[in-house]
Structure formats: C-alpha cells, structure tokens
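A quick write-up on the structure given underneath.
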Amino acid sequence: LMHGRADATIGIVTVGKAHHDIMHALRRLGLSDSPDIAVYKVALSWPIEPVGLREFAAGKRALLVAEEKRANVEEQLRAALYNLPDRPPIQGKQDLQGAALLPATMELSPELAMTALVRFLRDAGLEVRMDAPAAVPERLLGLLARAPAFCAGCPHSTSTRLPDGSHAMAGIGCHTMALTTSDATRTFSQMGGEGVPWIGLSSFTALPHMFANMGDGTYQH
C-alpha cells in the first residue's frame, strides 16, 4: 500500500511513471485524501508479487490498473485474482463496457489520468466533477510503424541485392527481410530448402536463373 487506507473500497494499482500521473490527477481532483481510495504501487512489473496484490484487492469493489504502454501488470493481476471469490472488476486499458480508458500507446499524462479516473470512479459509484476532460489519443499507425531493416554493416544488406530483371528465393535468417525491401524476392522456405521451389518452378517459366539467399546458419547446419 502506497497511499490511502487499507479498508478503502476503491483500489488503484500503479506502475512506474503512471504512479506520479495518478497521484497528480488525484490532487487536482481534490481526492488525494479521500477515505474511499487507496493506491498500491507495483515495484516489479514482471513477474508481479501476487500475495500483496491479493491482500490489497480484498474487499475492494473496483480496481483500476494505471500503466504506460501495454497492459503488462493488468493481465498479470487478472490472472492472480481469477480464482478468488468476490474478486473486484478490473479496469485499465478498457472500461467495463470495452471502450478505451487508458491509452496503450504514446505517453500517459496527468490530464489523461484525470479523465480516466473520473470515468472509473463514476463506474465505482463515486461521483466526481471535472470541467474539461482530455481525449484519449487515437493510435497513430503511420507514426508507430517500424519496418524491419538490416543492421549497419550486415553483409545481407548487399548480398540480397539483385541484377536488374533477376529474382530470388529466401530461406530462414535475417536475409528473409529481403521479402519486404524488394519485389524481386518473393518466396521463402525452410532452412536448407532455399532453392527447392525452383525445381518445380523452372519448367513453367522462361526465366533462366533464380538466385537463392542463404545465411551462415544454413551453411553451418
């Protein structure tokens, strides 16, 4: 227990920086001294220590898990409380209706924490007023896309380049990323079978030659 009374009926589980965002939000909402709210700060996010969390959850009518990025602690907490009788409903990345509550991408802020807290506390039966709720940001797919790429100096970054008009087949290894960098590499197979598709394909194409990308692991095996 990090903040509040042990017999509080509403629990908030916090992780890392999200703890400070939640505490800031509680102060701005005038709830930092509320006898109904207790805060439990997780020190180790993986694996969580379940005994203390079970003791904290006992008697609570609602739990909120506040953590940045993915629901790492939230999923572990659900598993830790699964078989307990009278386990409280848990909210985190989603509310009880399945709508987004806390963002799973980008950064959590006290403003976003305030918005989530108000919705969570209202579901828990505690009425809270907030004048200007902050919107939960949508996932920006273009911003968060991360295409795989060869490491700096990797020999595959040059060995997978083909002469104009040529094609290649890939196998297992880093060189498989050639499938995403060029239309010239179009097929792949298991380690050691890089050239096997050509056996069946060669009779049905006028293409005289096909390259096969093979990694060091294939040669070693």
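The values are calculated or read from the model by the stated rules, or taken from the named source; none is laboratory data. Predicted, not measured: the structure shown is a model, and the values here were computed from it. Ideal geometry is used to build each Cβ from the backbone, glycine not excepted, and the neighbour counts take in all protein chains shown. The accessibility values were calculated without ligands, DNA or RNA, using every heavy atom of the protein model including side chains. Shrake-Rupley method; radii C 1.70, N 1.55, O 1.52, S 1.80 Å.
Split the chain at each of the GluC sites (Glu not before Pro) in a DSSP loop with at most 15 other beta carbon atoms within 10 Å, and the longest piece is 1-106.
Does the range 31-107 come out rounded, prolate or oblate, given a ≥ b ≥ c as the square roots of the eigenvalues of its C-alpha gyration tensor, rounded meaning a/c under 1.5 and, failing that, prolate meaning a/b above b/c? In terms of gyration-tensor shape, rounded. In the full protein context, the chain carries 59 Å² of accessible surface per residue, based on a 1.4 Å probe and ignoring ligands, DNA and RNA.
Here the chain carries DSSP beta bridges of which approximately 10% are antiparallel, counting only pairs with both residues inside.
Which whole-number percent gives the relative contact order of the chain, counting Cα pairs below 8 Å spaced six or more residues apart?
15 percent
Considering only beta bridges that DSSP places wholly inside the range 1-126, some 15 percent are antiparallel. The length gained by stretching the chain between SER189 and ARG5 to full extension, at 0.36 nm per residue less their Cα-Cα distance, is 60.3 nm.
Counting Lys and Arg as +1 and Asp and Glu as -1 over every other residue whose Cβ lies under 15 Å from the Cβ of LEU81, the net charge comes to 0. Here the chain has 55 percent of its accessible surface on carbon and sulfur atoms, given a 1.4 Å probe and all protein chains in place. By definition, a body whose alpha carbon gyration tensor gives a ≥ b ≥ c is oblate when a/c is 1.5 or more and a/b is not larger than b/c, and the range 176-221 fits this oblate description.
LYS93 sits with roughly 30 Å² accessible to a 1.4 Å probe, with DNA, RNA and ligands left out of the calculation.
Angle of helix 17-28 to the longest C-alpha principal axis of the chain, folded into 0 to 90 degrees and rounded to 10: 30°.
Taken along its principal axes, the alpha carbon cloud of the chain reaches lengths of 79, 38, 33 Å, longest axis first.
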